[in-house]
Structures are given as C-alpha cells and as structure tokens.
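S.K.: Have a look at the structure that comes next, please.
The values are calculated or read from the model by the stated rules, or taken from the named source; none is laboratory data. Being a predicted model, the structure only gives us computed values, none of them experimental. A quick note on method: Cβ atoms are made from the backbone with ideal geometry, for glycine too, and the neighbour counts reach across all protein chains shown.
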Amino acid sequence: MTDRFRRPAAFAAAPYAVFAILAAVSWNRWIEPFVDSGRELMVPWRLAHGERLYRDVAFYHGPLGPWLAALADLLAGRSLSARILLSAAVGLLHLEGLRRLARAIASERRAALAVSLVVALTAFLRPGGWLFPFSLDASIAVATVTWSLVLLTGEHARRRDAVAGVFLALALLSRVELGGLGVVAAVLAARRSPRRWVALAAWPCLAAAVGYAIASRGTPLSTLVSSGWLAVVKPPEAFRTVYRAYAGLDQPGLRLAELGLASIVLLGVGALLALGSRAAGPNRIGSIVATATVSLTLAALAWTCLRPPEQFEGTLALLPPLVRIVPPLVLGLAAVRIGRALARRPPAPLPEIPIAVLLVAAFFALRLFLAAGYSGPYNAYFLPLPALLAVVAALGLADRAAAQLGPLLPGLAAQALAVFLLFRIASLADIYRQAGWTPVASPAGSVTLLEPAAGATHLALEDLSRRIPAGGSLVGFPEGGFFNYVLGARSPLREEQFFPGRLDAEAEKRVARGIEEDPPDAVLVANVLAVGEGARAFGKDYLIELGTTVQRRFRVAAAFGPGAGPSAAVGDPQFFVEIRVPRRRAP
C-alpha cells in the first residue's frame, strides 16, 4: 500500500486511537452511582418490566433513550456492561459524525488533530462522559444532530436529505429542544430549496409527533408538563438555576474574570508562536530551531502545569481551563456571520463553515457560555462541536496571519494544539489512575469508584442484599436507583430522583404520604448535594417535608463512610450513606 492511501487512513484513525487510549486509561471508571446514574439505569429497567413512561415513571425528556436502554435490558438482563456498550455505540457514532464534519471543513491533517483534541477534551469527563452519559437522550440527540449536519454539509441529494431527516426525527424523539434546533438548522441550510423542507422538517416532526403520542398515551397533559417531556415548555425554577450554573451565569463576575485570565494566557501563547515564526527566517535551519524552541517551551509549560513545583502549586491552581474561551469565540463568529448576512455581504470569517453548523455550535456554546471546562456533564455533549470549530478557527487565523508573521506560524499553531492534546491525555491519566480507585462488585457487574464512595457503596450493597427480600422495595434520597438496579429491588415511587424541581408541593405531599402509608423495605440516604444555587441539601434546603417524613418514619439501621454518625445530615462535609428501615408503629 502506498503512502498516498496510508496517510488518509492514519489521519482518520487518529481520533479513534485517542479514544481507545483514554478508554483503557479510564477503564470501568465511568459510572458514578449517586447522581443521574440511578435514573438512567432504573427508568429503562422499569419500562422493560411493563411500566409506562411518563404515566408510571417520571421522565423529563424524550422516549427514545429509555426505549433503547429498555431493549438492552430485555436482551441482556440487568447488566452494567450492556448499558455501557449501548452508550459507547452512541458515543462512537458521535465521534464519527464529528470526524466527517471536520473533514468537510478542514484538511485531513487538521481534521484529525481537531477531533482528537475534542475527544481528549470531552469524551471522558467526570461525571457523565460518553461511556455512561448523564442522559442517554442528550447523547443520542447531540450525535444525531451532528450527523444531520454532516449530511447537510455535503452535496445536495434526495437520499442524503432523507437520511438527515431520519437523524432529525431521532433527535426530536430524544430531546425535543435539540431536535428542534437541528430542524431549524436544516431549514436554514435548505433555505433556497423549500421543496427539501418536507424531508428535513415536515416528516421528521410528524414522525416524532407520532412517537410522542404513543409514549404519552394515557398520561394527563398536566403530568407531561409538570414531570414529563413537555416540561421543556415551562422548566421548573430549579432547572433554570442548574442551566444558569452550567452556563456560568450564577457567578458572572467570577466567570468573566476567569475568561479574562484564560484569554491572557492564550494571547501569551499566541505571542510565543508569532515570535517563533518571525525569528525563523527564510532558511530551513532557522525553521528547525524555531520549531524546536517553541515546542520545547510549550512542553515545559504544560509539564509545569501538570507537575507544578510546590511553591507554584497554589498559583497555578487558580488558572481557569483554557477552553473557557471556546463558547464566547464561537458566539462571536456566529454574530459576525449573521451580521454580514443581514448586510448582504459575503460570508466571513471562515466561509468554509456552513451557517447551519455555526448556528448549532452557537446554541451549544450558549449552554456553556462562561463555564466551559474539564468536568461533566454538560461539557461532554455541548462542548465538542464548539471546540471543533474553535480549533479550525485558530488554525485559520494562523493561516491569515502567516503573511505578516511568517510561513511557519500555521505549523507552530498545530504543534501548540498537539502539545495541548498530550497535556489533556496526561491530565486524564492522572485523574483516572490516581490512588483511591477501588473495584466494587455487584450482581449486575462491577464498577470502579473513588474512595470514600467505593467503600461506602460496597458496604451498602452488602447490607442491602441481606436486608431486602426477593421482590422487595428500595427508595433512595436524593437518588438511589443504582442500588435498585444492581440488586433487582423494586422502586415503588413514580420518581427516581429527588433533586430540586422534581416535585412541586402537592407531589411532595403525595410521595411523603406514600412512603409513610406503604413503607419500602429500606430507604437509602446519600450525602449528595444538588447542583446550582441555594437549595442543595435534601431535607434541609429543599423537600423539607419529605425529609422530615424520612427522619420520622425510618430509623437508621446502618451507615457507611467517613461522615457516618448519629448526627449525620445531608450537606455535611464528609461523605456517607445511610440505610434506614421502617420504624415500628406505636400500637
């Protein structure tokens, strides 16, 4: 095989190689039992056993994710591995979509670098990375919207539009707001050919409407709005609080300062690249010396951040993630493009990026606005496309600046991104291979968790497996579905999570009355805080009446973790898990 055919294959394989390396580094460390995992496991399991989505089981998003996961449960039984394989399949679909989209707007080499960096930045974040997402629906929706953009970016063909329509229907059935965004982008891409709107908008919306009608059959409209897929029309205030927190709008002053600091660091890197390119001169030796000097300088800086000297450790810890700049950059590009379009001027900057792709990336960027970073869950799904465009934009800027700063600049920019890629791989290796990771066995498969959660989870599983009879029930606060799933314990309530916004006052009274009149065999209480502002501790800051009922009606039978003790309460500094059982009623 000649180099001509080997090189494209090597470039195409590069993002998958990074994915494989990071999968091996993080092996079986993807599930975190106490936040979102319980819902993701138990909602499909309950559907597989005959309960109805929305009517019997509360769920705020589209039905496609639970339906697919329920099918996995029907085929494989209670299996964490089967669920991980399903998530991995969706993640790899997303990866291939990003790779093809990158190849449509950049050279093979640059596309490989950009997508490899996206994988290192987003696919293995904690919590809620691609191999066990915080929401399978979000994972499916982002992957399918990405594929619709791939098909819209290529040459127009009726068959491509039909396949794009299928992906858009799947996105709508996963997250109606993300699928709707994809439909708007598709109509924008086909704005000069209204006949295409049938395949790209009309029939995907019709197919999704049929799916939602089937899923919603027998469920009151009020239930769909309060705790079903129509909650997107009027999200609870607590949900909007979470959205603000993940966008950085809960602390705008701090986030803007972090953005400014990240910008200064990146400007410094840019100045180093410009200096190296100008100093290289026209001869080959100068280019080699400049390249080596810049690369070694960047590598030394990355190593210092990765292994900081003790005297600098506190200062370097204050540096914000450099990806903070990505959402504002993409939003700026979109604003300029829209402004030029309204002024009937040629598309710029980066005319090679289709307006539909830029629109979707800008919407994703808004979800992260001032808070893009290296933790999940939102960054894992809303950062990939903006990060891809940011890399393409950075390399495009280097191309345009090369006339003034020297022809070496684009190569130096690519090398700087390659150093950043290696830095992110090493950073993830530090996280996933640090001391404290411990395997925890369960009847549905093993997981590897960090201490002290690992030890507490192991002891809680041992206790509950002895305590709950076959066919028995378990309720977890604020979430315990992981234990229900792996132990095969029934969930007697409609809800699987008890975080802010999940229950209004009437629903809280209903749940409290239900566990008091027909108590489960055991109640699990974990010291897990909600994301957002204010109401963070279950039973103290929110769902106070329900927390009081748990305290009054159930006694502590066992407690595990460093924070366990007679006066332990959710919100304490140390982690704990309590197992509570019904108190005997007074005669």
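S.K.: Regarding ASN527, is this residue at pLDDT 95 or above, among the polar types (S, T, N, Q) and in contact with a strand residue (DSSP E or B) (Cβ under 7 Å, 6 or more places away or on another chain)?
M.R.: No.
S.K.: Considering only segment 526-545, state which residues are surrounded by 22 or more Cβ atoms within 10 Å (Cβ to Cβ) and touching a helix residue (DSSP H, G or I) at 6+ places or on another chain (Cβ under 7 Å).
M.R.: PHE538, LEU543
S.K.: Of all residues in segment 545-562, how many are over 11 Å from VAL525 (Cβ atoms) and without any contact (Cβ under 8 Å) to a residue 40 or more places away in the chain?
M.R.: Qualifying residue count, segment 545-562: 6.
S.K.: Could you give me the residue pairs with C-beta distances under 9 Å whose first residue belongs to segment 338-358 and is under 17 Å from ARG191 (Cα atoms), whose second residue is of a type in the set (S, T, N, Q) wherever it lies, and which are 6+ apart or on separate chains?
M.R.: Going by the 9 Å Cβ cut-off, the qualifying pairs are PRO354/THR153; ALA356/SER148; ALA356/THR153; VAL357/THR153.
S.K.: Would a scan of segment 421-439 turn up a residue that is under 30 Å from ALA76 (Cα atoms), at pLDDT 95 or above and in a helix (DSSP H, G or I)?
M.R.: Yes: one or more hits.
S.K.: Can you pull out the residues in segment 291-337 that are more than 24 Å from the chain's Cα centre (by Cα) and within 26 Å of PRO354 (Cβ to Cβ)?
M.R.: ALA335, VAL336, ARG337, listed by residue number.
S.K.: Another one. Return a yes/no flag: does segment 224-243 have any residue that is of a type in the set (D, E, K, R), assigned to a loop (DSSP other than H, G, I, E, B) and outside the structural domain of PRO377 (by TED's automatic domain parsing).
M.R.: Taking every residue of segment 224-243 in turn, at least one turns out to be of a type in the set (D, E, K, R), assigned to a loop (DSSP other than H, G, I, E, B) and outside the structural domain of PRO377 (by TED's automatic domain parsing).
S.K.: I'd like the residue in segment 91-105 that is aliphatic (A, V, I, L, M) and surrounded by fewer than 22 Cβ atoms within 10 Å (Cβ to Cβ) and, out of all such residues, is nearest to VAL447 (Cα to Cα).
M.R.: Filtering segment 91-105 for residues aliphatic (A, V, I, L, M) gives 92-93, 95, 98, 101-102, 104-105.
Add one more test, that the residue is surrounded by fewer than 22 Cβ atoms within 10 Å (Cβ to Cβ), and what stays is 92-93, 104-105.
Details: LEU92: 21, LEU93: 24, ALA104: 39, ILE105: 40 Å.
The selected residue is LEU92.
S.K.: Another one. May I ask you to list the residues in segment 511-525 that are without any contact (Cβ under 8 Å) to a residue 24 or more places away in the chain and surrounded by fewer than 14 Cβ atoms within 10 Å (Cβ to Cβ)?
M.R.: ARG513, GLU517, listed by residue number.
S.K.: Which one of these is touching a residue at least 12 places away in the same chain (Cβ under 8 Å), surrounded by fewer than 19 Cβ atoms within 10 Å (Cβ to Cβ) and of a type in the set (A, V, I, L, M): LEU188, LEU273, LEU206, LEU259?
M.R.: Values: LEU273 fails: surrounded by fewer than 19 Cβ atoms within 10 Å (Cβ to Cβ); LEU206 fails: touching a residue at least 12 places away in the same chain (Cβ under 8 Å); LEU259 fails: surrounded by fewer than 19 Cβ atoms within 10 Å (Cβ to Cβ).
Within the list LEU188, LEU273, LEU206, LEU259, the selection yields LEU188.
S.K.: Can you pull out the residues in segment 479-519 that are of a type in the set (Gly, Ala, Ser) and either more than 19 Å from PRO469 (Cβ to Cβ) or assigned to a helix (DSSP H, G or I) (or both)?
M.R.: So in segment 479-519, the residues of a type in the set (Gly, Ala, Ser) come out as 480-481, 488-489, 491, 501, 505, 507, 512, 514.
Within segment 479-519, GLY481, GLY501, ALA505, ALA507, ALA512, GLY514 qualify.
S.K.: Okay, moving on. Picking from ILE338, ILE353, which residue would you name as being assigned to a loop (DSSP other than H, G, I, E, B), of a type in the set (Val, Ile, Thr) and assigned by TED's automatic domain parsing to the domain that holds SER287?
M.R.: Details: ILE338 fails: assigned to a loop (DSSP other than H, G, I, E, B).
Among ILE338, ILE353, only ILE353 is assigned to a loop (DSSP other than H, G, I, E, B), of a type in the set (Val, Ile, Thr) and assigned by TED's automatic domain parsing to the domain that holds SER287.
S.K.: Also, quick follow-up: Before we move on, is VAL119 outside any loop (DSSP other than H, G, I, E, B), among the hydrophobic types (A, V, I, L, M, F, W, C) and under 22 Å from ILE21 (Cβ atoms)?
M.R.: Considered against the rule, which asks whether it is outside any loop (DSSP other than H, G, I, E, B), among the hydrophobic types (A, V, I, L, M, F, W, C) and under 22 Å from ILE21 (Cβ atoms), VAL119 comes out as yes.
S.K.: While we're looking at this one, here's another question. So LEU368 ticks every box in (1) of a type outside the set (Asp, Glu); (2) at pLDDT 95 or above; (3) farther than 29 Å from ALA271 by Cα but one. Which box is left unticked?
M.R.: (3)
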